[in-house]
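The values are calculated or read from the model by the stated rules, or taken from the named source; none is laboratory data. All values derive from a computational prediction rather than experimental measurement. Note that each Cβ is placed from the backbone with ideal geometry, even for glycine, and that neighbours are counted across all protein chains shown.
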């Protein structure tokens, strides 16, 4: 469908990895009226403040990329925070969008919505077919609720609220904290520090055999805008009323060993890699089925090594943020 580059678009969560990438993508396409609000300007947990903001802005589109996120430790330690804050953010924004007459919204979820034992690669139809991974169940339930919020407003109020579920993301504005980052930023930092200290060996948790899929955040942003810009007929042909979300990924995975070897090459580490098999491996494989998205005309374009080099470049330029 033709782009209306003057439409007023609100990106919630613009300081996060995904939200900032969506901003870059929209600006690159020529959108001229993209607005944001920092946490100090708009508390998304405050229903009254969110409704006042939507009522005053006259928005045309919303990208709901705001969320409370964290690793296994954070999810295990603060489960109430994760389910409460994510439920409140999405409920406030979706309902305020509806009341303010915003017809188009895109909700960003997570691949953790799928059952722990889902058949690989995971199809959208796997949703609600089994038990969730216990370590992040509260977060996953909140994200499932977000999908159902969008579906329900579409069914009852004829809105056009869409949902995309990304695989494991990485890239600029990722969290490289030494204790609570995900696998790619953690390994990028570890190999970087090994090079700096002339270490002869880097030890990696687990056997290195589990397989994972990774998507650069700029590809995620491109997919998000692509899905948002699809005309209603095209989008609905490829979804079902009670199955409206779309997986976003590369459709390719690699072993943790292969990932570590690639990151070592990117960081310039030439020492030994060893794997501590006494540490847990987690799920053997986690891969998204992206055939629905491919049928809608989009495929990932950034290779893993290319994306890792971009993420490492960003880390080198911003590593002062992650001291300590």
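Scanning segment 253-268 for residues that are touching a residue at least 24 places away in the same chain (Cβ under 8 Å) and in contact with a strand residue (DSSP E or B) (Cβ under 9 Å, 6 or more places away or on another chain) gives 253, 254, 255, 256, 257, 259, 260, 262, 264. The lone criterion from (1) within 26 Å of residue 301 (Cα to Cα); (2) touching a strand residue (DSSP E or B) at 6+ places or on another chain (Cβ under 7 Å) left unmet by residue 207 is number (1). Screening residue 289 on (1) buried (at least 17 other Cβ atoms within 10 Å of the Cβ); (2) closer than 24 Å to residue 16 by Cβ; (3) in contact with a strand residue (DSSP E or B) (Cβ under 9 Å, 6 or more places away or on another chain) shows it passes everything except condition (2). Looking for something out of contact with any helix residue (DSSP H, G or I) (no Cβ under 6 Å at 6 or more places or on another chain) and within 23 Å of residue 178 (Cβ to Cβ) - is there at least one such residue anywhere in segment 249-257? Scanning segment 249-257, I find at least one residue that is out of contact with any helix residue (DSSP H, G or I) (no Cβ under 6 Å at 6 or more places or on another chain) and within 23 Å of residue 178 (Cβ to Cβ), so the answer is yes. In segment 196-213, the residues that are surrounded by fewer than 16 Cβ atoms within 10 Å (Cβ to Cβ) form Cβ pairs under 7 Å with partners that are modelled with pLDDT of 95 or more and in a loop (DSSP other than H, G, I, E, B), at six or more places apart or across chains, as follows: 199/271; 200/271; 201/271.
Matching residues to (1) assigned to a helix (DSSP H, G or I); (2) under 17 Å from residue 135 (Cβ atoms):
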| position | (1), (2) |
| --- | --- |
| 40 | no, no |
| 49 | yes, no |
| 62 | no, no |
| 70 | no, yes |
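Looking at segment 175-188, can you tell me whether even one residue there is assigned to a strand (DSSP E or B), in contact with a helix residue (DSSP H, G or I) (Cβ under 7 Å, 6 or more places away or on another chain) and buried (at least 20 other Cβ atoms within 10 Å of the Cβ)? Within segment 175-188, none of the residues are assigned to a strand (DSSP E or B), in contact with a helix residue (DSSP H, G or I) (Cβ under 7 Å, 6 or more places away or on another chain) and buried (at least 20 other Cβ atoms within 10 Å of the Cβ). Close Cβ contacts (under 6 Å, 6 or more residues apart or on different chains) running from residues in segment 35-58 that are in contact (Cβ under 8 Å) with a residue 60 or more places away in the chain to residues that are outside any helix (DSSP H, G or I) are absent. If the condition is being touching a strand residue (DSSP E or B) at 6+ places or on another chain (Cβ under 7 Å) and either outside any loop (DSSP other than H, G, I, E, B) or surrounded by fewer than 18 Cβ atoms within 10 Å (Cβ to Cβ) (or both), then segment 240-252 contributes 245, 246, 247, 248. Restrict the check to segment 218-232 and report whether at least one residue is more than 30 Å from residue 4 (Cα to Cα) and either at pLDDT 95 or above or surrounded by fewer than 18 Cβ atoms within 10 Å (Cβ to Cβ) (or both). No - not one qualifying residue is present in segment 218-232. Please go through segment 47-67 and pick out each residue that is farther than 13 Å from residue 35 by Cα and either at pLDDT below 95 or touching a helix residue (DSSP H, G or I) at 6+ places or on another chain (Cβ under 8 Å) (or both). Of everything in segment 47-67, those that are farther than 13 Å from residue 35 by Cα and either at pLDDT below 95 or touching a helix residue (DSSP H, G or I) at 6+ places or on another chain (Cβ under 8 Å) (or both) turn out to be 47, 50, 51, 55, 65, 66, 67. Screening segment 20-36 for residues that are in contact with a strand residue (DSSP E or B) (Cβ under 8 Å, 6 or more places away or on another chain) and outside any helix (DSSP H, G or I) and picking the one that is surrounded by the most Cβ atoms within 10 Å (Cβ to Cβ) gives 31. Only one of the listed residues (137, 90, 124) is touching a strand residue (DSSP E or B) at 6+ places or on another chain (Cβ under 7 Å) and under 26 Å from residue 284 (Cβ atoms). That residue is 124. State yes or no: is residue 230 in contact with a helix residue (DSSP H, G or I) (Cβ under 6 Å, 6 or more places away or on another chain) and touching a residue at least 60 places away in the same chain (Cβ under 8 Å)? No; evaluated as a whole, the condition is false for this residue. When residue 279 is tested against (1) out of contact with any helix residue (DSSP H, G or I) (no Cβ under 8 Å at 6 or more places or on another chain); (2) exposed (fewer than 14 other Cβ atoms within 10 Å of the Cβ); (3) part of a helix (DSSP H, G or I), just one condition goes unmet, and that condition is (3). Considering (1) at pLDDT 95 or above; (2) assigned to a helix (DSSP H, G or I), the lone condition that residue 112 does not fulfil carries the number (1).
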